[in-house]
Amino acid sequence: GATIGILGGGQLGRMLSVAASRLGFKTHIFEPGANPPAGDVAAQVTTAGYDDLGALTDFASAVDVITYEFENIPTEALNHLEKLRPIRPGREALRVSQDRITEKDFLRDLGLQTAPYMAVDTAEDLDRAIAAIGTPAILKTRRFGYDGKGQARLKSPADAANALADMAGAPAILEGFVDFSHEVSVIGARSASGQVSCFDPGENVHRDGILHTTTVPANLTASQRMDAVLLTANILNALEYVGVMGVELFVTPQGLIVNEIAPRVHNSGHWTQNGCVIDQFEQHIRAVAGWPLGDGTRHADVEMLNLIGDDMDKVPEISAEGNAALHLYGKAEVKAGRKMGHVNRIKKSAG
Ligand code: ATP
Ligand code: MG
Ligand code: MG
């Protein structure tokens, strides 16, 4: 069988590996850190840095196609890998999503709504951005942010200096604060032949900047749900995307506003593991392997709860619950804010 190379060995890489092996593929993980969660289930692991071109060459030579579980792969490594094997999703999706400015420019060019935004490198830039956008606002690093890291909120212009100091000199973006009623996301997939399929939108609640729960069905009207799915398909087609993508949306009276896109399987799509016949991980592997997409119809109402840090103490109790599927990542060390696992609670069968 074919071997799928995965850049990144965290929990997403682990669950991709499980899905791949169920379809008869082998996976080979490339990960700089020791003892990656995906290492327990992958056929092979390469432990090396993204600057190790020899290790990248050996990795690429040992696989048929390369995919990834995170978007911040260094450009030099990608330049090297793409000469050796196909990378799916392709470079354009990575280029667009690695930087919050290029991402929002891309979304606006597609005619989609985003928060108002301006690039901020200096104190003068920030003053100009505040004058144009107003407060409340959020200053974010343009690159590498996740789980709300690298963000500072400005309640008023007086918060400018502190917020800029939080960026520690990194290029930033000021975003106007969107007054949303709730947050939803769409997990969309596109196959190599251009077939598009989206999972039912999920409603997301964050705590301390980290995803806490995703609930399906989301609280959306039929037309909002249609809009969410169609705009996701637009994004996938514009990028000639191959694989699964997460699209985070703010719901407002003025319509859906795109917060950010993630060119990979997404935490808010974990409910699909127990709410659909084909989940987001299998859907991604199918797309990357050149298969047709599977049937992602939702067959149950589900609440996904992330188990973060000390939430692991609740596992004995949860393990005795009915209609609850635990997914644990096998991480040895419990740390505050660390994603250790999740539970999908089935609320009722759909339809
Ligand atoms: P992720 O872990 O999803 O990649 P991230 O670190 O990239 O997160 P964002 O998704 O940009 O961060 O922001 C985290 C959360 O902060 C959002 O889900 C939303 O609740 C809130 N937020 C971000 N930007 C805005 C905004 N412009 N207006 C209002 N709320 C916002
Ligand atoms: Mg993000
Ligand atoms: Mg986000």
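The values are calculated or read from the model by the stated rules, or taken from the named source; none is laboratory data. What you are looking at is a predicted structure, and each value in this text was computed from that prediction instead of being measured. With ideal geometry, Cβ positions are generated from the backbone for all residues, glycine too; neighbour counts draw on all protein chains shown.
See the values below:
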read-out	value
From Asp279, Asp301, residue being of a type in the set (D, E, K, R) and surrounded by fewer than 23 Cβ atoms within 10 Å (Cβ to Cβ)	Asp301
Residues located in region 132-146, provided they are modelled with pLDDT under 95 and either part of a strand (DSSP E or B) or surrounded by 15 or more Cβ atoms within 10 Å (Cβ to Cβ) (or both)	Gly145
Failed criterion for Gly290 (all others in (1) surrounded by 20 or more Cβ atoms within 10 Å (Cβ to Cβ); (2) within 26 Å of Ala189 (Cβ to Cβ); (3) not β-branched (Val, Ile, Thr) hold)	(1)
Selection count, region 248-280, where residues are farther than 18 Å from Glu303 by Cα, touching a Ser or Thr at 6+ places or on another chain (Cβ under 9 Å) and either outside the structural domain of Val196 (by TED's automatic domain parsing) or away from ligand 1 (no atom under 11 Å from the Cβ) (or both)	3
Qualifying residue in region 232-249 (condition: crowded, with 19+ Cβ neighbours inside 10 Å, over 25 Å from Val65 (Cα atoms) and in contact with an Asp or Glu (Cβ under 9 Å, 6 or more places away or on another chain))	yes
Condition check for Val186: within 16 Å of ligand 2 (Cβ to nearest atom), outside the structural domain of Glu71 (by TED's automatic domain parsing) and not hydroxyl-bearing (Ser, Thr, Tyr)	yes
Exclusive hit being surrounded by 14 or more Cβ atoms within 10 Å (Cβ to Cβ) and within 21 Å of Asn237 (Cα to Cα), set Asp64, Asp159, Asp99, Asp125	Asp99
Complete set of residues in region 153-190 that are among the aromatic types (Phe, Trp, Tyr) and within 21 Å of the chain's Cα centre (by Cα)	Phe180
Conditions (1) within 16 Å of ligand 3 (Cβ to nearest atom); (2) closer than 17 Å to Gly246 by Cβ: number failed by Leu139	(2)
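Rundown of residues vs (1) within 16 Å of ligand 3 (Cβ to nearest atom); (2) outside the structural domain of Ile138 (by TED's automatic domain parsing); (3) closer than 17 Å to Gln113 by Cβ; (4) touching a Phe, Trp or Tyr at 6+ places or on another chain (Cβ under 8 Å), yes/no style:
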position	(1), (2), (3), (4)
Ala228	yes, yes, yes, no
Leu239	no, yes, no, no
Glu303	no, yes, no, yes
Ile308	yes, yes, no, no
Met312	no, yes, no, no
